[in-house]
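The values are calculated or read from the model by the stated rules, or taken from the named source; none is laboratory data. Since the structure is predicted, the reported quantities are computational estimates derived from the model, not experimental observations. Positions of Cβ are generated from backbone atoms using ideal geometry, with glycine treated the same way; all protein chains shown enter the neighbour counts. When the accessible area is computed, the model is the full protein with side chains, heavy atoms only, and any ligands, DNA or RNA have been set aside. Shrake-Rupley method; radii C 1.70, N 1.55, O 1.52, S 1.80 Å.
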Amino acid sequence: MPLPDVVAAPARFRAESRWNSLSACIATLAIVVVSLGVPVAIAIVLMRVGGSPESGSDGMDVSSLSAWGPLLLSQVLMSAGAIWLAGWYRSPRAAVLSLEPPHPSVRNIVIWFLAVGTVSLVYTAALYAWRPEIVRNDIASFMPMIRSNAWPAYALIIAVGAPLSEELLFRGFLQSALAKSPIGYIGASVLTTVSWTLLHIQYSIFGLAEIFFVGLFLCWVLWRSGSLWATIAIHGLFNGIQFVGARFGLFPWT
């Protein structure tokens, strides 16, 4: 029985970056610091000027622009930074970031998504059955946002902004530079995924383990498809379904 195209087809990823690994790591760190630091500074200024908005006894009003605006700004800065860096050394940005249309059909992208989504769902369900407080604590900080009046803004941030900005910087810019180094694509995938996982340091060790697995899977998708659009699509679907599940209480832990 022949293997499906998602496994049997030749890998199509090509590392086109002209950055060396060390300078790419430093540049990536700089973009992360700027994209996180600037919005935080703006949020602090807004809170001091306008006072700390409150919603009853729940603390900050997560529906306000001062709550979701800095999050969206952070993603815009990260995306712009990745695109800007990719064009250095007169490099074609689309090639460096692997922004070519994916060769496999949409059907294969759906298969990839279903694979990672099923494993993630089973893992979370098993963890919830064992230690429900761990799963609840991991999503506790997001629930007020997801169920606030500003939920369309948070849907944009979680299902579009996060996949686009994170994929562009980590599996786009950084992955391409590291894959050309002596560590090769496998080593680059591990380092890129570790870096991306640390961006979610607020989660428990169990949540970080799931994120690390998803990151490695997305690196595999990039390697097979040769297109960052495939990982952006899967990342977006993954986050989007989690958002819908949390918004409407479709999972026991939400």
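Does A129 fit the bill of being touching a helix residue (DSSP H, G or I) at 6+ places or on another chain (Cβ under 7 Å), in a helix (DSSP H, G or I) and either over 16 Å from V116 (Cα atoms) or aromatic (F, W, Y) (or both)? Against the criterion (touching a helix residue (DSSP H, G or I) at 6+ places or on another chain (Cβ under 7 Å), in a helix (DSSP H, G or I) and either over 16 Å from V116 (Cα atoms) or aromatic (F, W, Y) (or both)), A129 does not qualify. If you go through segment 80-104 and keep only what is open to solvent by less than 50 Å² (accessible area, probe 1.4 Å) and at positive phi, you end up with just S98. Only residues that are over 24 Å from V33 (Cβ atoms) and open to solvent by less than 10 Å² (accessible area, probe 1.4 Å) were counted across segment 155-188, and they come to 0. Within segment 189-207, the set of residues being open to solvent by less than 30 Å² (accessible area, probe 1.4 Å), among the polar types (S, T, N, Q) and within 20 Å of L85 (Cβ to Cβ) comprises S189, T192, T193. Within segment 208-237, the residues that satisfy the criterion of being open to solvent by 10 Å² or more (accessible area, probe 1.4 Å) and either in a loop (DSSP other than H, G, I, E, B) or small (G, A, S) (or both) are A209, G226, A233, G236.
For segment 207-236, the set of residues classified as under 21 Å from A95 (Cα atoms) and without any contact (Cβ under 8 Å) to a residue 12 or more places away in the chain is empty. Here is a list: R131, R136, R93. Which entry is closer than 30 Å to R18 by Cα, at pLDDT 95 or above and not polar (S, T, N, Q)? Criteria check complete, one pass: R93.
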